[in-house]
Amino acid sequence: MSNLDSGTLVTVVTIIVAGLGIVLGTITPAVVEGRAALRAIEGMTRQPEAAGDLRTTMIIAMALLESTAIYTLLIMLILLFANPLLDRFFS
């Protein structure tokens, strides 16, 4: 790997980092969304009269959590297809 030129090395490292980033950036919100849904369902079973408020709060929280995964995807797509680091090496 030491005999690669700088552009190839940056591309390989970017692909590895993007892969790891998308894995962590999607698993973390998915786990937290599952926990939030679990807690909301537990709250609905304990207090059925508060189910409407809990459902609304859970949907808003899940939308915010899902936007984190979408932002992660956006950043990883930028790194893969419009890599600003490549301009630095090939200007």
key: Unmet requirement for G52, which otherwise passes all of (1) surrounded by 11 or more Cβ atoms within 10 Å (Cβ to Cβ); (2) over 30 Å from A18 (Cβ atoms)   = (1)
task = State the number of residues belonging to the stretch 70-85 that are exposed (fewer than 12 other Cβ atoms within 10 Å of the Cβ) and not in a helix (DSSP H, G or I).
result = 1
ask   = What number of residues within the stretch 30-81 are among the small types (G, A, S) and within 30 Å of T11 (Cβ to Cβ)?
value = 3
task = Inspect all residues belonging to the stretch 55-69 and state whether any of them is at pLDDT below 90, surrounded by 16 or more Cβ atoms within 10 Å (Cβ to Cβ), touching a helix residue (DSSP H, G or I) at 6+ places or on another chain (Cβ under 7 Å) and not small (G, A, S).
result = yes
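The values are calculated or read from the model by the stated rules, or taken from the named source; none is laboratory data. Source: prediction; values computed, not measured. In this analysis, Cβ positions are derived from the backbone assuming ideal geometry, glycine residues included, and neighbour counts consider all displayed protein chains.
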